[in-house]
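Everything on this sheet refers to the single structure shown next.
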Amino acid sequence: MTTETNALTSEDKTTITDTTTKKTAATRILSNYVGGRWVSAQASGLLDVTNPASGEVLARVPLSGIADVEGAVAAASAALPDWRGRSIGERTEFIYALREKFRQRIDELAASVTRESGKVLSDARAEITRSIEVLEVACAAPMTMQGRILEGVARGINTETIRQPIGVCAAITPFNFPAMVPMWFLPFAIVCGNTFVLKPSEQVPLTSELMFHIFEEVGLPRGVVNLVHGAHDAVNAILDSPGIRAVSFVGSVNTAKYIYRRAAENGKRVQALGGAKNYMIVMPDAVVDKTVSNVLGSAFGNAGQRCMAGSVLVTVGSAQAAIMGRLKEGAEKLIAGDGMDAKVSLGPVISSAACERIHEAIESGLKEGAELLVDGRRPTGVPAGGNFVGPTILNNVTPEMRVCREEIFGPVLSVMHVDTLDQAIALVNSDPRGNGTSIFTENGAAVREYSRRIEVGMVGVNIGVAASPAYFPFSGWKDSFFGDLHVHGWDAVEFFTRKKTVTSRYFSAGETGKFFVEQGDKH
Ligand code: NAD
């Protein structure tokens, strides 16, 4: 990705000379979507958006600043009174319409995800399916947004709690799920009566652009959803904007900590999801074939760039002998290449910088004494210009090695061996992150023990990627989550509404309690 300082006064289609690569390309500059209109950003610079499989420049994304964010916040604030004043049925109708559009255009959306993020098409389709699931759960708002009422807190007096929208909400999202992560928030936020500003990852802004065209097609009123492209400046403007009441963030641990602190200091409600290091425990009685295929899918799916990727495998006792050979064999069969190609099982990583970082991590593992069981450092048969790392397995990793301490976020599986379940639990609990974990066994007692004692928010039993469905919370722990209310499930309604408690009586109605006393058993 290259940077260029440039005021955006040009039209959307512009011929640009890239000063870094000396390439000339007819490259589209992306627009923000504010108040129902596509507008040029008043940006301080541009970044290339590239196809990670080929290096082709797909578009240029503007680095919006305070003025752009404040424009979007003003549009969202202006839209708020009408939007929150509409009936819940009317708002839900838009979510139904979006669900239909996403189903109709799933191939187009999936192709966009693959083109800009590199993941294989089947993974991209699964991502859109997950986004559709969120839309479906948001359609339950007429039930889930209900409050509570208690008759007779005193004679003739009732108290009720109602849920109201909080105002303008914003989300800041990562590169690895260009559709799904923005859709974790947007449907719940707007169905609850809030208006919304999205700042997608500057590395994958194109799928957001496509989704906003769909929001426009279903006729969402102007200003209900707004799109601001950019990076740090746009994020800081969101965190500091007095008009934004709640911030949802997904990204790496350090950014999550920063976002949580700065947004909270500014009095906002925050949910900030951080990075992960997910351990997969294989017990001696695990079903070998199915365990190995789940472990491979978890470690190498989406080229390891999932916050729920199993990045550390821990064998317990004789499980080591049972699975290591099969694991090596399975990893070596994976085919790296362009995610658009149906025979490919491992796409590129997001950028050349990510590629370099992953190579450095592998080298550090080797220097620190790990054994290279499967070497993906120089994958063959991959397209030129892409950011490819083949499946890599480092064996005999120890907790103090960098590959264990840091999130590699690439197709690299670290393997450790212990003798007992107790040792495995101690290992997992010593990690500062706690997003997901899996245990492979047919032993219910081991599962119960593991699920009860493990300090991780999402646990899979014989499931490699135990990402919660949209009707449950996506409930990471420790450094993988900063906040109180998680993403989707019941937590989403809690996050995107605030409770108001009304206590009431009517002097003309008499005292209900007295009436019952006087009428006795008749009532
Ligand atoms: P990132 O933290 O680099 O970026 C995420 C967002 O924050 C982007 O929109 C980016 O523009 C912005 N940003 C980055 N650094 C910033 C800074 N210093 N100041 C202000 N804004 C900043 O993350 P990424 O590389 O896009 O995504 C990968 C990370 O996200 C991984 O660590 C992964 O584990 C994590 N992730 C976590 C979950 C989860 O549910 N916990 C889900 C998906 C991804």
The chain: relative contact order from alpha carbon pairs under 8 Å, six or more residues apart, as a whole percent, is 17 percent
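Just check the range 278-461 against the gyration tensor rule for me: Cα atoms, a ≥ b ≥ c as the square roots of the eigenvalues, rounded for a/c under 1.5, and otherwise prolate or oblate depending on whether a/b exceeds b/c.
prolate
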Per residue, the convex hull volume that the Cα atoms of the chain enclose (Å³): 174 Å³
Might you tell me the accessible area per residue for the range 131-246, computed with a 1.4 Å probe and given in Å²? 29 Å²
Do any of 257/500; 199/268; 119/333 go past 22 Å between their Cα atoms, and which? 257/500
Testing the spin-label approximation: label points 7 Å from Cα along Cα→Cβ at residue 96 and residue 37. State their distance in nm. 3.3 nm
Determine the per residue accessible area of the range 278-461 with all protein chains present and a 1.4 angstrom probe, expressed in square angstrom. 39 Å²
Suppose a student asked you for the relative contact order of the range 36-83, using Cα pairs under 8 Å spaced at least 6 residues apart; what percent would you report? 33 percent
Label-to-label distance, nm, for residues given as residue 293 and residue 265 (7 Å Cα→Cβ offset): 5.1 nm
List, in order, the whole-Hz ³J(HN,Hα) value for each residue of the range 397-407 obtained from phi through the Karplus relation with A = 6.51, B = -1.76, C = 1.60 and θ = phi - 60°; use x for Gly and Pro. 6, 10, x, 7, 5, 4, 4, 8, 6, 9, 7
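Using a 1.4 angstrom probe on heavy atoms only, work out the carbon and sulfur share of the accessible area of the chain in %.
Answer for the chain is 52 percent, counting heavy atoms of protein chains only.
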Quick one: if the Förster radius is 35 Å, what FRET efficiency do residue 422 and residue 378 give, using the C-beta to C-beta distance and rounding to 0.05? 0.30
Looking only at the chain, where both bridge partners belong to it, what percent of the DSSP beta bridges are antiparallel (to the nearest 5)? 45 percent
Modelling each spin label as a point 7 Å along the Cα-to-Cβ direction, I'd like the residue 150/residue 357 distance in nm, to one decimal. 5.0 nm
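Between residue 400 and residue 78, take the C-beta separation as r, use R0 = 45 Å, and let me know the FRET efficiency to the nearest 0.05.
0.25
The values are calculated or read from the model by the stated rules, or taken from the named source; none is laboratory data. From a predicted model like this one, the values you see are computed outputs, not experimental measurements. Every residue, glycine among them, receives a Cβ derived from its backbone with ideal geometry; neighbour counts consider all protein chains shown. Accessible surface areas use protein heavy atoms only, side chains included; no ligands, DNA or RNA. Shrake-Rupley method; radii C 1.70, N 1.55, O 1.52, S 1.80 Å.
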